[in-house]
1. Under the Kirkwood approximation for Rh and a Cα-based Rg, what ratio Rg/Rh is obtained for the chain?
2. Just rank 383, 181, fewest to most, by other beta-carbon atoms within 10 angstrom.
3. Please list the equivalent ellipsoid semi-axes of the stretch 270-375, computed as the square roots of five times the alpha-carbon gyration tensor eigenvalues, in descending order and whole angstrom.
4. Report Rg(Cα)/(2.2 N^0.38 Å) for the stretch 132-249, keeping two decimals.
5. Treating only the Cβ atoms of Lys and Arg (+1) and Asp and Glu (-1) as charged, compute the dipole magnitude of the stretch 181-318 about its Cα centre; round to the nearest 20 debye.
6. Residue farthest toward the positive end of the dipole of the chain, with Cβ of Lys/Arg at +1 and Asp/Glu at -1: which of 396, 97, 365?
7. For the chain, what is the calculated [θ] at 222 nm in deg cm²/dmol (nearest 500), taking -39500 (n - 2.57) for each run of four or more DSSP H residues and dividing by its residue count?
8. Explain nothing, just the number: relative contact order of the chain, from Cα pairs under 8 Å at least 6 residues apart, as a whole percent.
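Quick note: the coordinates plus some simple rules give every number you see, no bench work behind them. Nothing here was measured: the structure is a model prediction, and the numbers come from that model. FYI the Cβ positions are ideal-geometry reconstructions off the backbone, even for glycines, and counts take in every protein chain you see.
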Amino acid sequence: MARAGEASDQSIRPLPPAPRTRYAFGMSDTSPPDSAAVPGSALPPAAPPPYASMPRARRNVAVLVAAQAVLGAQMSMIFTVGGLAGQSLAPNPCFATLPLSLIVLGSVLSATRLSRFMQAYGRRAGFTLATGSGALGAAISAAALWHGSFALFMLGALFTGVYMSAQGFYRFAATDTAPPEFQAKAISYVMAGGLAAAIIGPQLVKITSQAMVVPFFATYLAVIVLNLAGPLLFSFLDIPRTPPAPKGSVAAGRPLKVLLRQPVIVVAMICATVSYALMNLVMTSTPLAVVGCGFDQNHAADIVGAHVLAMYLPSFFTGHLIARFGKEVIVGLGLVILAASGLVALSGVELEQFFLALVLLGVGWNFGFIGSTAMLASAHKPEERGTLQGVNDFVVFGGVFLASLSSGGLMNCSGGSVEAGWQAVNLAMVPFLVAAGGALIWLVLRPREA
């Protein structure tokens with residue numbers, strides 16, 4: 001019996017702590033010692049929640065794809081006409097894209113609050129609330145166009161930003177009930193829903209932009225109608241709410257300051273921010289550049305439509321590429337394609353150059369942003385998503401806001417011609433691509449052990 005007791009004691013003796021892994025810039029792996037490392041990162045794999053299953057994940061992905069397609073069409077519509085509408089209302093042409101910047105600011109200001117709201121009340125409640133804000137923003141913007149008020153137009157843009165923030169969380173919601181092996185593909189499939197949005201949005205712009213006496217008024221009325229479909233779509237969403245854990249307990253997850261010391265999280269946030277911000281910087285100025293170079297609004301809508309198609313069409317296989325080659329490789333490829341987009345844009349302002357530059361811009365965004373999202377999704381636990389995902393989107397859309405704010409100034413106020421402004425917009429990409437590429441290389445080559 002003594003030997004049996006000794007064996008029992010030995011069986012519950014705690015294991016010695018695993019060696020601590022250290023990195024450059026003072027970052028360290030503070031993960032629990034009993035966690036296996038994810039290949040290519042210093043973090044433990046995020047354990048799937050008990051309610052994760054393939055049938056439930058497939059159902060939720062289908063709902064989110066439909067939401068991305070139908071509700072997401074409003075973003076391509078607004079970003080196609082927003083700069084032109086702003087130019088018609090603004091007291092100074094340098095402020096033409098300010099309303100688009102305020103959409104992004106609204107997204108920044110609501111990201112952490114919306115993430116915590118969804119952590120407390122569930123994804124369905126958060127997404128439904130955001131569609132209401134999208135409808136309200138479109139209604140205010142339509143009223144602003146009717147009354148010729150630039151200030152009111154900017155107010156509507158802020159409410160639209162709340163919807164934009166929620167759409168950014170669709171990709172994370174796709175992973176909530178997905179087994180680990182399906183997460184990258186789930187993100188990719190949901191992003192692919194934007195393919196339909198890329199077709200629906202520009203076509204609605206063509207139909208509505210000049211349909212009434214006030215230009216673009218009918219476009220914003222159409223956006224209201226799209227948002228009304230939101231509550232019906234999200235009624236089919238089946239993502240159980242994660243019960244709150246006592247503050248300070250292990251179940252509550254790691255503190256934010258610990259999460260932000262993980263190299264893979266920091267680099268994922270940098271690359272996601274650069275990919276999204278540079279895409280927005282160039283896309284926001286594109287309708288102004290196209291029309292300013294002598295082409296018409298339908299050409300601008302076609303180019304933006306081709307760009308949005310390029311943003312989402314690769315999503316059908318991006319998840320498979322990530323599974324085969326790794327997240328970091330696909331993010332790096334995305335940054336290279338973004339650089340190629342800038343080179344094409346700098347080569348001239350013919351219609352085919354606009355098309356090719358914007359298509360490359362969309363593909364580069366897809367690889368860079370989806371790859372970065374997959375890096376982040378694999379680096380935290382379900383109970384940490386309310387904190388980390390909100391902070392991540394605050395940082396990402398903060399960068400997008402600054403890029404959008406700079407876009408109009410670079411385009412309209414940095415040279416004596418439209419061509420000079422377009423060159424300034426694309427040259428502004430260079431330092432940020434260098435910074436993101438350097439961070440990604442550091443992550444891959446960093447020393448693994450002290």
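1. 1.02
2. If I rank by nearby Cβ atoms, fewest first, I get 181, 383.
3. Working: eigenvalues 138, 30, 23 Å².
So the equivalent ellipsoid measures 26, 12, 11 Å along its semi-axes.
4. Dividing the Cα Rg of the stretch 132-249 by 2.2 N^0.38 Å gives 1.33.
5. That gives the stretch 181-318 a dipole magnitude of about 660 debye.
6. After comparing all options, I get 396.
7. On the way: 20 runs with 324 residues, N = 450.
Using -39500 (n - 2.57) per qualifying helix, the result is -24000 deg cm²/dmol.
8. 25
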